[in-house]
1. What tally of residues in segment 65-80 results from selecting those that are on the phi < 0 side of the Ramachandran plot, of a type outside the set (D, E, K, R) and either in contact with a Pro (Cβ under 7 Å, 6 or more places away or on another chain) or assigned to a helix (DSSP H, G or I) (or both)?
2. Count, please, the residues in segment 132-146 that happen to be open to solvent by 20 Å² or more (accessible area, probe 1.4 Å) and either in a strand (DSSP E or B) or closer than 18 Å to GLU304 by Cβ (or both).
3. Report, ordered by the first and then the second residue, all pairs with beta carbons closer than 9 Å, sequence separation of six or more or different chains, a first member in segment 305-322 that is closer than 21 Å to PRO116 by Cβ and polar (S, T, N, Q), and a second member that is part of a helix (DSSP H, G or I) and open to solvent by 30 Å² or more (accessible area, probe 1.4 Å).
4. Hey, among ILE245, ILE276, ILE294, which residue is in contact with a helix residue (DSSP H, G or I) (Cβ under 7 Å, 6 or more places away or on another chain), open to solvent by less than 20 Å² (accessible area, probe 1.4 Å) and of a type in the set (A, V, I, L, M, F, W, C)?
5. If I filter segment 81-116 down to residues being open to solvent by less than 10 Å² (accessible area, probe 1.4 Å) and assigned to a helix (DSSP H, G or I), which single residue comes out as farthest from ALA136 (Cα to Cα)?
6. Please go through segment 154-198 and give me each residue that is assigned to a helix (DSSP H, G or I) and under 16 Å from ASN98 (Cα atoms), ordered by number.
7. So, in segment 152-177, of the ones that are among the polar types (S, T, N, Q) and surrounded by fewer than 16 Cβ atoms within 10 Å (Cβ to Cβ), which residue ends up farthest from the chain's Cα centre (by Cα)?
8. Determine which single condition LYS274 fails, assuming it passes every other condition in (1) part of a helix (DSSP H, G or I); (2) in contact (Cβ under 8 Å) with a residue 12 or more places away in the chain; (3) not acidic (Asp, Glu).
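The values are calculated or read from the model by the stated rules, or taken from the named source; none is laboratory data. Since the structure is predicted, the reported quantities are computational estimates derived from the model, not experimental observations. Here the Cβ positions follow ideal geometry from the backbone for every residue, glycine too, while neighbour counts run over all protein chains shown. Just the protein is used for accessible areas: all its heavy atoms, side chains included, with ligands, DNA and RNA removed. Shrake-Rupley method; radii C 1.70, N 1.55, O 1.52, S 1.80 Å.
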Amino acid sequence: MKDLHKTASRFSATTIAGLLCLMALPASAQTAIKIAHPNVPDHPMGQAFSYFEELVESRSNGEFEVDVYHSSQFGNFDSVVQGLQTGMLQMGSASTPNLAPFSNDFLIFDMPFLFPSYEAADMITDGPIGRTAAQALSETGIIGLGYIDIGFRHIFNNKRSVETISDLEGLKIRSTPSSAHIATLELLGINPTPISWNEVYTALQQGTVDGIDIDLNLAWFNNFHEVNKNLTLVRSLYSPHLVMISQNFYDSLDPNDQIMISEAFAEMKLYQRKLIRENEEMIIGEMEKAGVNIVELSEEERAEWAAATQGVYDQFEDEVGSDLIERARATMTE
């Protein structure tokens, strides 16, 4: 009886310990959503992904845990794509020039002076042209959720005030690796110099390049106005980012969660675009206060710059397709 009592006591203690362990476990494990993007947290893109995090975690009652890797912490574009394909990432963001290898349709965003306004750009990104380009990623196991803004490109430089196209002659300007981007700058009389993003500030500071072709928000939140004191408002190229989600991850969700993720992104997209666009007036004012000389091209002068870059359309017509360019123009004039 004594041995039986000991056995019962051991069984009771073991059972209680096991129950206590079970009680300590969460009712269900959280689903992780790891997101990677290249911008700093204060940039509208960073703010928007934080907003997306809040929306998803609150609407899922904590079922989802969102972890945002900002400032290219996860790595470059190739690392993001591989992360989405292998399951190490669930979502990511990439600029359209990086996506051109998946579909030439993305090259529409590299055509100079094509987009007259943000509203016109929305007709392309949110319409059939943007959706068709994004669908090309499906063959790689990635879904394109939709596009957010980077903005229209302008020219900063630290050499001289640029008021006419002749003032550009010989300026050494940092460009992206995009062939169409480089061709655009060359036709304007500029010496384009591709430099990796993480080296840009130092290159501007040390005079490795005279300036940079970039949008206002990226320039402001990366403090480029500290090292470039001349800004010409050009609006040469419109640059969006495509927000992507892993196909395997999306397919693993139940339909209600898929809808919740899609709706949260739709809200985040509008929030991000609003920030980008409303910031621009503030940024111009703050840059003026910081001593930046700001020139806004007249419509006549801008038309001259646009005419000078028409050779880009001839050079890339076979890749982009003249029909796509015409469809884009027609869409934006409807």
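1. Filtering segment 65-80 for residues on the phi < 0 side of the Ramachandran plot gives 65-70, 73-74, 76-80.
Filter once more, keeping what is of a type outside the set (D, E, K, R): 66, 68-70, 73-74, 76-77, 79-80.
Now narrow it down to the ones that are either in contact with a Pro (Cβ under 7 Å, 6 or more places away or on another chain) or assigned to a helix (DSSP H, G or I) (or both): 70, 77, 79-80.
The qualifying residues number 4.
2. 3
3. THR309/LEU187; GLN310/LEU187
4. Working: ILE245 fails: in contact with a helix residue (DSSP H, G or I) (Cβ under 7 Å, 6 or more places away or on another chain); ILE294 fails: open to solvent by less than 20 Å² (accessible area, probe 1.4 Å).
Exactly one residue qualifies, and that residue is ILE276.
5. Only one residue fits best here, namely GLY83.
6. Residues satisfying the conditions are SER179, ALA180, HIS181, ILE182, TRP197.
7. Once the filter is applied, the top-ranked residue is SER166.
8. Condition (2) is where LYS274 drops out.
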